[in-house]
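Visitor: Next up is a structure, given as structure tokens.
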Amino acid sequence: SGCVKITPAHDFNDYEIGKRHGLHRSSNPNIIETGSEQSFDAINIFDKRAYLNDQVADDYQGLERYDARKKVLADLDKLGLLAEVKDYKMHIPRGDRSHSVIEPLLTEQWFVRTHGLAQAAVKAVQSKEIKFIPERWQQTYFAWLEQIQDWCISRQLWWGHRIPAWYDEDDNIYVGHSQSEVRRRYKLNTDVPLKQDEDVLDTWFSSALWPFSTLGWPQEKPELKSYLPTDILVTGFDIIFFWVARMVMMGLELTNQVPFKEVYVHGLVRDAKGQKMSKSKGNILDPIDLIAGVSADELISKRTSNLMQPKLAAQIERDTKKHYPQGIKAYGSDALRFMFTAMASTGRDIRFDIKRLEGYRNFCNKLWNAARFTILLCANKAPNLNDINADDSELTEVDRWIRIRLSSILQKVELHYKTCRFDLIASLLYEFVWHDFCDWYLEIVKLVQASDATAEVKAKNLACLITTLNHILKVLHPIIPFITEEIWHQLKPLTGDIGDSIQTQAYPKPAHDQDKQAEQTMALLQAYVSSVRQVRSEMNISPAIKVPILIQGHGERDRALFEQYADIIKALAKISTVQYLDDKDQPPPSATVLVDSVKVLIPIAGLIDIKAEQTRLQNESNKITQAITKLQERVNDKHFLNNAPAEVVNKQKETLHTMKIQLEKYNNQLASLGNHNA
């Protein structure tokens, strides 16, 4: 028809069109006035009840919006101008509680002119005065500021900081800290009635002042000089514009400096399905309930009360009973902190899974039990911790290994703190404490203390154990403060630490250089034990049964190391006897694993089903055959050979050679079992 409805005061797109064409209010509702964009005065056709006002034709004035729409259609039809009426889908905003259709309405509000503020905020990041971690989030920051509009800072809410503006009977505006200040500044007598603006400031406006308003600003207090700018801000990506950018703008404008030096941006916590946690969806979890526990009935009550959409209550109750039939048990604050630290990756989402929380509670239990064992082991003993620093000649290679491992972990943790990779810190500490310290070192300490080693070796072994545990507590304390504080106090009589809290102690620093001999020794020891454990597991041999093993293909160094640590290897792998074979010796039918070039054989007579072992070996043979095929193609690829560095090519060829040797050994074992079976 060539006729388009334009209501600039009630639609965001229409507002831009009206502004572009200078549509104005008119004293005559039958005439549309136009002018320049600068003199734009939007046409408002609604009153606050959504009834049409005197800016429309007489026949429509006073009609409710829906009635007016029906009348427009009827009048068009009566005039023969209505071509067609049909339904179509569109986005209609509704109130969360009332579900009423929301109509935009122009009203007088308070604004902050932002263009100049935004330019300064952009420059602060471009010049590296402020750094984003991860750096990619600065693009989100720039995108918001480069298309910023003036900021409406007044809100029609019951709660908030009241707008500091007063009006007289003629609607003149007076701004000040208080009414008394306004009267004094503007020389208004008490007989001039004043009324304060009923609006409150936008929450984000008040929050934008936080970095300096909390430090006594605008007074030049010592706290302001000491703590502004702060080192780092931790926040979610969803409020980079609403909070971060506005703090930067206000800080630069009001204090002439940035409010912080770095912005660490983390992801948003979502449920196990990836859904954003919200009260309306009923998928929220109160951290207190995860810490202290909650019954199923109480959890359902929490999730279904005061819902914005009560009709969802039944579905929320069903989902809660499905996922938490027994409620939630107490996991403690340390486990929760550790879990969220481990999940603080560089991604956008943090998927909450209560199974992970269970794992970190188990970690805390393992740390507690390791500490209890250490304290009991040292009962009535007083190892001198200074001895191991002054002279490590009596330290076992295992003691030296744990010191090197700890020192390496501390170096990596220090690096990851600088780059805010808290997830990597949590992973490193978890693996070190659970596997290196508890599963290996602590188990070996038990054996050393029960052995016929000298008193000096045992004393230094305990001193190394206590020192390592003490360092572990201190490096873990920022993540799990409560359990580490408690254990530290219990360990204090052994460590000699001075102070009332672990918080006052120096953070551990890397203190030892590489010790390749100790590292290589421990790597072989672990490989021997793990290889036997692997076979035992695959063959389902009971932990109560000790097995004999045969060693073949060993050199003098391998045999010397195995004999030096025979008691430890035998105890950890549940080995009864060890026999060394020459390369020419024909071993009995055995389950075999390779440690470097050494074959570790477990005779299978009476232990396993030979056919099952044949199947295992055939699977291993098939797996390595596939790997050999892929690697062979790679080392035959002329493009790879011509472009890859020589050391990479050589490494690939060496790997291929080793794999072919392993395949041959697997096939030999299969042949041996076949002969035995025959």
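Visitor: Counting pairs on different chains as well as pairs 8 or more places apart, how many Lys pairs in the stretch 609-678 have Cα atoms under 25 Å apart?
Guide: Counting lysine pairs in the stretch 609-678 gives 18.
Visitor: In terms of modelled amide H atoms, which long-range or inter-chain residues lie less than 5 Å from the amide H of Y580?
Guide: Correct list: I551.
Visitor: Multiply the residue separation of S226 and T190 by 0.36 nm, subtract the distance between their alpha-carbon atoms, and state the gained length in nm to one decimal.
Guide: Gain in length upon complete extension: 8.7 nm.
Visitor: 5 Å is the cut-off here: which amide hydrogens, built 1.01 Å from N in the peptide plane, fall below it relative to C152, excluding neighbours closer than 5 in sequence?
Guide: Placed amide hydrogens put V112 under 5 Å from C152.
Visitor: Still on this model: Setting aside same-chain residues fewer than 8 positions from K48, which lysines have a Cα under 24 Å from its Cα?
Guide: K5, K19, K70, K71, K195
Visitor: Measuring from label point to label point, each 7 Å out along Cα→Cβ, what is the A605 to Q449 span in nm?
Guide: Result for the modelled spin labels: 4.1 nm.
Visitor: Straight distance only, please: which lysines reach the Cα of K458 with their own Cα at less than 18 Å, same-chain residues fewer than 8 apart left out?
Guide: Leaving aside lysines fewer than 8 places away in the same chain, those within reach of K458 are K381, K446.
Visitor: Past the 21 angstrom mark, what percentage of all C-alpha to C-alpha distances in the stretch 187-305 do you count?
Guide: Values: 4278 of 7021 pairs.
Value for the stretch 187-305: 61 percent of Cα pairs lie more than 21 Å apart.
Visitor: Ok, one more. Quick one: length gained pulling C152 to F12 fully straight, 0.36 nm per residue minus the C-alpha distance? Working shown, then result.
Guide: Details: separation 140, 0.36 × 140 = 50.40 nm, distance 1.50 nm.
The span from C152 to F12 would gain 48.9 nm if fully extended.
Visitor: Mean separation of Cα pairs under 8 Å and 6+ residues apart, divided by the residue count of the chain: what relative contact order is that in percent?
Guide: Numbers: 842 pairs, mean separation 46.4, N = 678.
The value is 7 percent.
Visitor: Using Cα atoms only, what is the angle between the long axis of helix 313-323 and the major principal axis of the chain, expressed in degrees (0 to 90) to the nearest 10?
Guide: Between helix and principal axis, roughly 10 degrees.
Visitor: Among the lysines in the stretch 286-359, how many pairs, 8 or more places apart or on different chains, have alpha carbons under 18 Å apart?
Guide: Summing the qualifying lysine pairs gives 9.
Visitor: Take each of the peptides 131-142, 575-586, 66-77, average the number of other beta-carbon atoms within 10 Å over its residues, and list them starting from the highest. Walk me through the numbers on the way to the answer.
Guide: Numbers: 131-142: 16.2, 575-586: 11.4, 66-77: 13.1.
Final packing ranking: 131-142, 66-77, 575-586.
Visitor: Sticking with this structure for a sec: Cross-link candidates for K418: which lysines have Cα within less than 26 Å, leaving aside residues fewer than 8 places away along the same chain?
Guide: K123, K128, K131, K225, K261, K474, K509
Visitor: Take the alpha carbon atoms of the stretch 270-330, find their radius of gyration, then divide it by 2.2 N^0.38 Å using N residues; give the quotient.
Guide: Working: Rg = 10.8 Å, N = 61, 2.2 N^0.38 = 10.5 Å.
Computed over Cα atoms of the stretch 270-330, the ratio equals 1.03.
Visitor: List the equivalent ellipsoid semi-axes of the chain in whole Å, largest first, each obtained as the square root of 5λ for an eigenvalue λ of the Cα gyration tensor.
Guide: Working: eigenvalues 1008, 247, 130 Å².
Square roots of five times the eigenvalues give 71, 35, 25 Å.
Visitor: From the backbone phi of the stretch 146-163, what are the Karplus-calculated ³J(HN,Hα) couplings (6.51 cos²θ - 1.76 cosθ + 1.60, θ = phi - 60°) in whole Hz, Gly and Pro given as x?
Guide: Ordered by residue, 3J(HN,Hα) equals 6, 10, 6, 10, 4, 9, 6, 10, 9, 9, 9, 10, 6, 10, x, 7, 5, 4 Hz.
Visitor: Run the simple label-point estimate for L82 and Q139 please: 7 Å along Cα→C-beta, distance reported in nm.
Guide: 5.1 nm
Visitor: Can you give the angle from 0 to 90° between the axis of helix 610-636 and the longest principal axis of the chain, with both taken from C-alpha atoms, to the nearest 10?
Guide: 70 degrees
Visitor: Okay, next question. Can you list the residues, at least 5 places off or on another chain, whose amide H is less than 5 Å from the amide H of K131, using H built in the peptide plane?
Guide: The list, which skips near neighbours in sequence, is E262, V263.
Visitor: Where does the chain land at 222 nm, in deg cm²/dmol rounded to the nearest 500, when only DSSP H runs of n ≥ 4 count, each adding -39500 (n - 2.57), divided by all residues? Mind dumping the intermediate values first?
Guide: On the way: 26 runs with 328 residues, N = 678.
Theoretical 222 nm ellipticity from helices: -15000 deg cm²/dmol.
Visitor: Whole-Hz ³J(HN,Hα) for each residue in the stretch 445-457, computed from phi via Karplus 6.51 cos²θ - 1.76 cosθ + 1.60 with θ = phi - 60°, x for glycine and proline: what do you get?
Guide: Calculated HN-Hα couplings, in order: 4, 4, 6, 4, 5, 8, 8, 9, 4, 5, 4, 5, 5 Hz.
Here, each number is a calculation from the coordinates, and none is a lab measurement. None of these values were measured; they are calculated from a predicted model. Note that we place each Cβ from the backbone using ideal geometry, even for glycine, and neighbour counts take in every protein chain shown.
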